[in-house]
Amino acid sequence: MHFYFRRRFLLLRNFSLRNSLQILSSTPHPTGILRTTKRSFCIPKVQSVAAMSTVTENLGSLKQQLEKLFGESLRVTVPDELDVPPIITPCKDLKHGDYQCNNAMSLFAKIKGKVPEFKKPQSVGEAIKNNVPKSDMIENCTIAGPGYVNITLSRQWMAERIHKMLADGIQTWAPKLPVQRAVVDFSSPNIAKEMHVGHLRSTIIGDTLARMLEFSNVEVLRRNHVGDWGTQFGMLIEYLFEQNQNWEAAPTEAIGDLQEFYKQSKTKFDEDSGFKERAQKAVVSLQGGEEKYRKAWAQICEISRKEFDKVYERLDIKLEEKGESFYNPYIPKALELLSKENLIEESEGARVIFVGGIKRPLIVVKKDGGYNYASTDLAALWYRLNEEKAEWIIYVTDVGQREHFEMFFAAARLAGWLPAEDKYPKVSHVGFGLVLGEDGKRFRTRSTEVVKLVDLLDEAKNRCKEALVERGKAQEWTGEELEQTAEAIGYGAVKYADLKNNRLTNYTFNFDQMLNDKGNTAVYLLYAHARICSIIRKSGKDIEELKKVGTLDLAHPSERVLGLHLLQFPEVVEEAVTNLLPNILCEYLYNLSEDFTTFYTNCQVVGSAEETSRLLLCEATALVIRKCFYLLGIKPVYKI
Ligand code: ARG
């Protein structure tokens, strides 16, 4: 039972945030954002939740449906109190009920003396309970302690909901979010520099967040904000020109290994002052748009892009590159807008913005007149808000960059580009901790070089392949099946090991741990899913047919527990995406597989009187597990 406590505690934590999101969904945007632009941009509209429902019916999560019912009850119970948001949480102990309504106490404190029939919190709870509109959803309610209303859901209703999802598809269980368009800025490595494990974390976490938003019917602009603009290009271009006069004929060969090329040019830059000067001039020529320089720059970017794409392809990550250079033309305009708000001042030769609370200013124009990371990010933010009309802009980088984000967010708020923090359009920095090696230090290979990502993924895959071969799969499967399964498990394991921890904590990269088939790993979960599929296969029944003619019941306590867990999927995704915490979904998935094991231990499936119903429950579990995999970017396997 200890799992339930843990999980319920988890679900309890953030209800207030979610509530406020729901309230926000009907709040219009402030108009401040438009003030500073010449063109008549329109404010991104936030649609009401009702208007956002997809073609298929979507009633909202269990929690949202209960909130609706109890919201109505509250309006009848205390008609003079305007907009009391219902407080609904899952019960910590399933013995008491499935959910509870916790409004009585705080409401009593508010109305004490004003309404004579409410003498104590219990009587408020009693009234809330009695005023709940009749619904098929609720079996019964009881009052506990100082007025908590414990809610037990109707078993039949639960079974029907699950059956309906089987018929209509899991998209009908998509959460409803109060935004229509979001930018997820993730991965974002720097051209010519190493794409390191930090970028791997950003890639994995960002992709999951994008997938969860997309599942919630939000249009996501997946942005690769690559570092493709900056002083390092002067050095690279000059080095290229000097090394190989004929580079244009075969640029790929002229550059060779880009990392190596970067290192060599950096050494020359540090050691040779003449070269340093020429490199600095090259930056000016590049930024001035000189043809030859632009060409070389484009070539270097292209070579780098091909390297990055190898990682994205392996991990099945879709990204649209809009690098720093893209926003360059927007910088003067963005700075002008900030200037008009009197935010920019002169400091030690540079132009800076002081934001409250932080001593150090945000430098937006360097001493030499050049732009930097912050000026680009300000221009990109302006573009995303006004041109792309994004309502939520999410940046995924290591926590080390938190201050940078806090500062330019604050500057944008001072300029009126963004409303107060809890309103939309909204910006969020999704920070994450370091990847550590087993020695507890930053993850590096023996040669103290940073680890090449492709090698890392290769190793994960190869280890999985070896394990499969050891288990005799090379004889059983085709070569392609073996490859695909090894990839699914290997890459899935790397992703899950990253996502299962709270992203802010550092995590230790350990192949043995992540590839263990016991414990909370992708390997264990992929096996669990394959086992469910094999139960269904071995029954010899046509599951599509059973969906049409069969019925589902949740008679056994372990069936009911599993059913409830399945039904909580939408609110868990909503919680994970609202708080930008993929580990919430991982925890849900792990607990789901545990609930399934308990069910399977206690309830015979194939050959039992309840076979049809139980096979349908198996199928629903497999579907939800697969959706979790999908959202975490893990490919399922069907046999193992
Ligand atoms: N290129 C940066 C780095 O490697 C990450 C960029 C993140 N996105 C942004 N809009 N600042 O650290």
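Data table
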| item | result |
| --- | --- |
| In the range 146-159, the residues that are outside any helix (DSSP H, G or I) and either of a type in the set (A, V, I, L, M, F, W, C) or within 19 Å of Leu69 (Cβ to Cβ) (or both) | Gly147, Tyr148, Val149, Asn150, Ile151, Thr152, Leu153, Ser154 |
| Selection within the range 282-291 - loosely packed, with under 12 Cβ neighbours inside 10 Å and assigned to a helix (DSSP H, G or I) | Glu291 |
| Failed criterion for Lys426 (all others in (1) in contact with a strand residue (DSSP E or B) (Cβ under 7 Å, 6 or more places away or on another chain); (2) loosely packed, with under 15 Cβ neighbours inside 10 Å hold) | (2) |
| Pairs where the first residue, in the range 57-76, is free of Cβ contacts under 8 Å to residues at least 60 places away in the same chain and the second is open to solvent by less than 10 Å² (accessible area, probe 1.4 Å), C-beta under 6 Å, 6+ apart | Glu67/Ile88 |
| Matching residues, the range 255-267, being in contact (Cβ under 8 Å) with a residue 12 or more places away in the chain and either surrounded by fewer than 18 Cβ atoms within 10 Å (Cβ to Cβ) or in contact with a strand residue (DSSP E or B) (Cβ under 8 Å, 6 or more places away or on another chain) (or both) | Gln259, Gln264, Lys266 |
| Residue list for the range 155-174, restricted to those being open to solvent by 10 Å² or more (accessible area, probe 1.4 Å), under 15 Å from Ser61 (Cα atoms) and more than 25 Å from the chain's Cα centre (by Cα) | Trp157, Glu160, Arg161, Lys164 |
| Enumerated strands (runs of 3 or more DSSP E) restricted to the range 314-404, each holding at least 2 residues that are surrounded by 15 or more Cβ atoms within 10 Å (Cβ to Cβ) and within 16 Å of the ligand (Cβ to nearest atom) | 362-365, 392-398 |
| Filtered residue count, the range 374-399, keeping only those that are free of Cβ contacts under 8 Å to residues at least 60 places away in the same chain and either in contact with a strand residue (DSSP E or B) (Cβ under 6 Å, 6 or more places away or on another chain) or under 22 Å from Phe354 (Cβ atoms) (or both) | 7 |
| Residue ranges of helices (runs of 4 or more DSSP H) in the range 461-519 with at least 2 members at pLDDT 95 or above and in contact with a Lys or Arg (Cβ under 7 Å, 6 or more places away or on another chain) | 479-499 |
| Residue list for the range 216-236, restricted to those being of a type outside the set (S, T, N, Q) and either within 25 Å of the chain's Cα centre (by Cα) or not in a helix (DSSP H, G or I) (or both) | Val218, Glu219, Val220, Leu221, Arg222, Arg223, His225, Val226, Gly227, Asp228, Trp229, Gly230 |
| Condition check for Leu525: in contact (Cβ under 8 Å) with a residue 12 or more places away in the chain, on the phi < 0 side of the Ramachandran plot, touching a Leu at 6+ places or on another chain (Cβ under 7 Å) and crowded, with 18+ Cβ neighbours inside 10 Å | yes |
| Test set (1) at pLDDT 95 or above; (2) outside any loop (DSSP other than H, G, I, E, B); (3) within 15 Å of the ligand (Cβ to nearest atom); (4) not charged (D, E, K, R) - Met212 fails condition number | (3) |
| Looking only at the range 314-373, and only at residues there that are under 21 Å from Gly230 (Cβ atoms) and among the aromatic types (Phe, Trp, Tyr), the one that is modelled with the lowest pLDDT | Tyr371 |
| Criterion (in a strand (DSSP E or B) and either under 30 Å from Gly227 (Cβ atoms) or more than 16 Å from the ligand (Cβ to nearest atom) (or both)) met by exactly one of Ile162, Ile143 | Ile143 |
| Looking only at the range 184-209, and only at residues there that are part of a helix (DSSP H, G or I) and either open to solvent by 10 Å² or more (accessible area, probe 1.4 Å) or hydroxyl-bearing (Ser, Thr, Tyr) (or both), the one that is farthest from the ligand (Cβ to nearest atom) | Thr208 |
| Any hit, the range 488-496, residues being farther than 27 Å from Leu94 by Cβ and among the charged types (D, E, K, R) | yes |
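Listed here are the residues, each with its yes/no results for (1) open to solvent by 60 Å² or more (accessible area, probe 1.4 Å); (2) outside any loop (DSSP other than H, G, I, E, B); (3) at pLDDT 95 or above.
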residue: Asn58; (1), (2), (3): no, no, no
residue: Glu67; (1), (2), (3): no, yes, yes
residue: Phe70; (1), (2), (3): no, yes, yes
residue: Thr89; (1), (2), (3): no, yes, yes
residue: Lys92; (1), (2), (3): yes, no, no
residue: Val115; (1), (2), (3): no, no, no
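The values are calculated or read from the model by the stated rules, or taken from the named source; none is laboratory data. On a predicted model such as this, the values are computed, not experimentally measured, just so you know. Using ideal geometry, Cβ is built from the backbone for each residue, glycine included, and neighbour counts are taken over all protein chains shown. The area values use the complete protein model at the heavy-atom level, side chains included, leaving out ligands, DNA and RNA. Shrake-Rupley method; radii C 1.70, N 1.55, O 1.52, S 1.80 Å.
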